[in-house]
Amino acid sequence: MQESRALRFAYADPPYPGMASKYKGEASFAGEVDHQALLSRLQGYDGWALSTSARSLRDVLPMCPPGPRVCAWVKPIGASRRTWGMHNTWEPVIVSPGRALRPGFRDWLRAMPARGGGSTLIGRKPIRFCTWLFQCLGMLPGDTLDDLFPGSGIVARSWRELSPVVAGIRETQEA
């Protein structure tokens, strides 16, 4: 049975541990993020998601409360022939859903990273990532989303624009 009350959600895509210096040119630059404090803050929401790096996952996951799942955004990009060794082409997303919705879906997404759009911000998320994220969280129209590290603003903007569409898709699938 689907919960009808509106829920509060949060998404956090901070600079990954040890990587904050890459964002020094951004207006929102505030140095390294205290992930323990961030995870404590996320507990105040009905559901939340936190993007991190494959390299940082072993440090961030033990800070999480029991229950969240590790999902994967797989990026089908190639590795340059001029480089050496293994390349990271996926991003872990730690998800604590607010509700479970039908139909079921995969805990991974295969989508190209965002390119162009006039922004040079590294780590921008594509629209396909945003729609998958909303599904992972169990979001419905009327729910609120706090994008705690808005960067380009695409995640919050996508929720404002896509939430009515998401409702129509779910109603069609349930009929």
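Give me the net charge for the shell around His35: Cβ to Cβ below 14 angstrom, other residues only, Lys and Arg +1, Asp and Glu -1. Numbers along the way, then the final one.
On the way: positive: Arg41, Arg55, Arg58; negative: Asp13, Glu32, Asp34, Asp59.
Within the 14 Å Cβ shell, the charges total -1.
Dividing the Cα radius of gyration by the Kirkwood radius, what Rg/Rh value follows for region 39-131?
Numbers: Rg = 15.1 Å, Rh = 15.1 Å.
That ratio is 1.00, to two decimals.
Can you tell me which of 79-86, 56-63 comes out highest on packing, and rank the rest after it, using the mean Cβ neighbours within 10 Å?
Working: 79-86: 7.2, 56-63: 13.8.
Those peptides, ordered most packed to least, come out 56-63, 79-86.
Report the local net charge at Pro17: Lys and Arg +1, Asp and Glu -1, summed over other residues whose C-beta lies under 11 Å from its C-beta. Don't skip to the end; give the middle numbers.
Working: positive: Arg55, Arg58; negative: Glu32, Asp34, Asp59.
Surrounding charge for Pro17 is -1.
For Arg160, what is the net charge nearby, where nearby means another residue's Cβ is under 12 Å from its Cβ and Lys, Arg count +1, Asp, Glu -1?
On the way: positive: Arg157; negative: Asp143, Asp147, Glu161.
Every neighbour counted, the sum reads -2.
Just so you know, all these numbers are worked out from the coordinates, no wet-lab data involved. Not measured: the values here are computed from a predicted model. Quick reminder, even Gly has a Cβ in these numbers, built from the backbone with ideal geometry, and neighbours come from all protein chains shown.
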